[in-house]
1. Label point 7 Å out from Asn531 along Cα-to-Cβ: which residues of segment 377-417 have amide N under 13 Å?
2. What list do you get for Arg461, Arg145 if you sort them by fewest beta carbons within 10 Å?
3. At R0 = 35 Å, how high is the FRET efficiency between Ala217 and Glu118 if r is their beta carbon distance? Nearest 0.05 is fine.
4. Among Ser356, Ser86, Ser430, Ser50, what is the fewest-to-most ranking by other Cβ atoms within 10 Å?
5. Just grab the label-to-label distance for Lys541 and Asp411, each label 7 Å out from Cα along the Cβ direction, in nm (one decimal).
6. How far is helix 395-405 tilted off the main Cα axis of the chain, in degrees rounded to 10, range 0 to 90?
7. Can you grab the distance from the C-alpha centre of segment 99-114 to the C-alpha centre of segment 141-185, Å, no decimals?
8. So how tilted is helix 431-441 from the main axis of the chain? Cα-based, degrees 0 to 90, rounded to 10.
Amino acid sequence: MKTKSWMCLLPTLIVLLLLCGLCAQAQKTKTLAVAPKTGTYAGQTFYSNSHALLIGIHSYANLPKENWLDFADKDATDLRDVLVRSYGFLPENVTVLLNEQATKQAIEDALSALADEEKVKPDDRVMVFFSGHGQTVTLNDGTPRGFLIPYDAKVDLKRLNNPAPYLKTCLPMDSIWNYLEAVPARHRLLIADACFGGLLAKSKGINAERPNRAVVASLLTRPALQVLTAGDSGQEVIEDPKLGHSAFTFKLLEELRAQAATADQVFLTSQLAGALKTSVGNQTNGKQSPQFGNHDNTEGDFVFVSTAPQPVPVLNIPAHPSVPSVGIAEAKLKKNAKDGAEMVFIPAGEFTMGSSQADLDALVNQHSRGGFKSEGPQHKVMLDGYYIYRTPVTVAQYLKFCEETGHRKPDAPKFNPNWSKRDHPIVNVSYNDALDYCAWAGVKLPTEAQWEKAARGTDGRKFPWGDVFDRSKLWSSERDEADAGGTKPVGSFPSGASPFGVLDMAGNVYQWCRDWYDPHFYADPLAAAQNPENQSVGEMKHRVVRGGSWGDQDPVYFRSAYRLDIPATGRDISGGFRCVSEL
């Protein structure tokens with residue numbers, strides 16, 4: 001786990017509000033009433049609409065790279081997915097500001113937009129979320145004052161006795177209340193996952209006991225301006241690579257997803273705070289104690305109501321300036337000491353695996369092949385964090401393994417005579433060959449789920465780079481080049497990188513996965529379990545391979561969801577592998 005001692009304030013603020021987009025101010029806000037359809041509250045309308053402003057700042061224009069955060073932008077995007085999918089937030093009413101989008105001016109403009117009475121009504125609810133740096137600075141009179149640090153702030157995080165740069169380029173914490181007090185919505189909630197965020201909260205007793213109908217009705221009629229923080233005023237927040245979030249945000253998302261398992265679940269923010277008080281404390285061994293309170297003497301309580309799962313449109317996420325091809329999060333790399341392979345970190349979390357029924361029907365009709373049906377039903381999968389090789393294992397790496405262990409060298413193909421092209425991917429290796437290499441290198445083959453998440457990310461894209469096929473982003477025999485009949489050096493197509501920055505996940509070579517192949521496995525409840533792996537021997541004793549190869553032409557074979565089965569003993573001039581390191 002990694003402590004960000006300078007990440008002081010509001011990094012996990014949930015603003016359930018905002019318009020369809022900052023640039024769409026001329027458009028009318030769409031509405032969706034929050035009204036349970038079943039249960040105790042069936043037919044009762046809680047809110048006329050829901051709005052959210054979600055801010056996640058991972059990288060900073062003027063801070064040293066070692067001061068950047070690990071998961072702030074992912075905090076915001078994953079929260080957006082949960083709110084839209086399960087809690088009645090229309091995507092048009094959720095504004096997300098990530099990294100370079102989250103300048104001081106942009107944040108102030110977004111907060112100001114929440115006070116627009118043409119878009120936010122008295123019977124609405126508003127949630128604000130900020131994940132990023134915060135800091136506490138001592139004023140000249142000795143008073144501590146907290147600041148939120150936008151993307152373009154010009155401050156020295158180590159100088160805590162000079163408030164001038166913070167006053168000029170940051171957002172004072174207490175100024176957030178000025179904005180939220182002006183919001184016309186009856187219920188407003190601020191969630192802060194940050195060091196010393198407890199400065200925002202005037203602690204209030206929290207009780208996880210479920211309220212009855214009369215209590216909920218009373219709380220709904222009273223104004224609420226509430227805050228929930230990751231810890232108290234003197235605590236730092238903890239980021240954990242195994243969780244892929246800070247401890248607080250991980251537990252927040254976990255609780256929201258658990259409540260959403262059944263539609264029309266009604267629960268209060270005070271109940272949520274009570275659950276997090278315990279779960280975050282346990283997760284951090286008592287290092288964080290979430291705080292909760294009502295601001296400005298308000299007495300209402302922000303209410304959550306789960307819905308049946310709703311579609312979540314893909315979010316257009318800007319790339320980080322330092323790694324343009326990576327997308328949502330800059331690639332976090334380390335090297336395997338045994339073979340020198342560069343590994344990319346894939347954070348813990350949920351992703352969509354397989355193909356939708358509509359896509360499967362279209363594939364089967366177009367290609368007259370039933371094999372595509374093994375990609376369904378589409379389902380959600382939760383994985384722990386892991387590292388995956390950024391490229392397939394190369395000839396040089398594999399020959400080093402053979403030299404050190406005496407393992408049989410594979411036959412060299414005609415397009416790589418005597419294995420002279422050592423930066424190309426190794427081919428002609430069986431499943432067992434790949435296992436032996438992994439044992440030598442201290443790693444494993446990826447499961448199907450690990451491979452697919454690394455290839456397509458968490459937004460359900462069809463190809464590593466997006467939903468539209470682009471042959472310029474991969475290596476295949478359809479390309480109009482003289483040497484199309486063979487492999488290319490690994491990493492030759494950086495524009496085809498996955499959202500995590502993983503290369504060659506489409507084209508060049510097929511790649512072995514750890515699972516036995518079963519065309520019906522996705523229909524098994526085990527496929528949707530956490531960290532799934534099909535350990536049952538298939539009827540044909542075949543293993544799964546993924547990714548398409550230089551020998552393929554049709555775009556269907558380069559989709560991240562495409563599954564192919566090969567005998568475990570098979571060796572092929574178009575097949576190689578990559579490895580994973582599990583935490």
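1. 382-387
2. Ordered by Cβ neighbours within 10 Å, fewest first: Arg145, Arg461.
3. The computed FRET efficiency comes out at 0.75.
4. So the residues, fewest neighbours to most, are Ser356, Ser430, Ser86, Ser50.
5. It works out to 2.1 nm between the two label points.
6. That helix lies at roughly 70 degrees to the long axis.
7. After rounding, the separation between the Cα centres reads 14 Å.
8. Between the helix axis and the principal axis of the chain, the angle is about 60 degrees.
Computed from the coordinates by the stated procedures, all read-outs in this text should not be read as laboratory data. Here the structure is a predicted model, which means the values were calculated and not measured. Cβ atoms come from the backbone with ideal geometry, glycine included; neighbour counts cover every protein chain shown.
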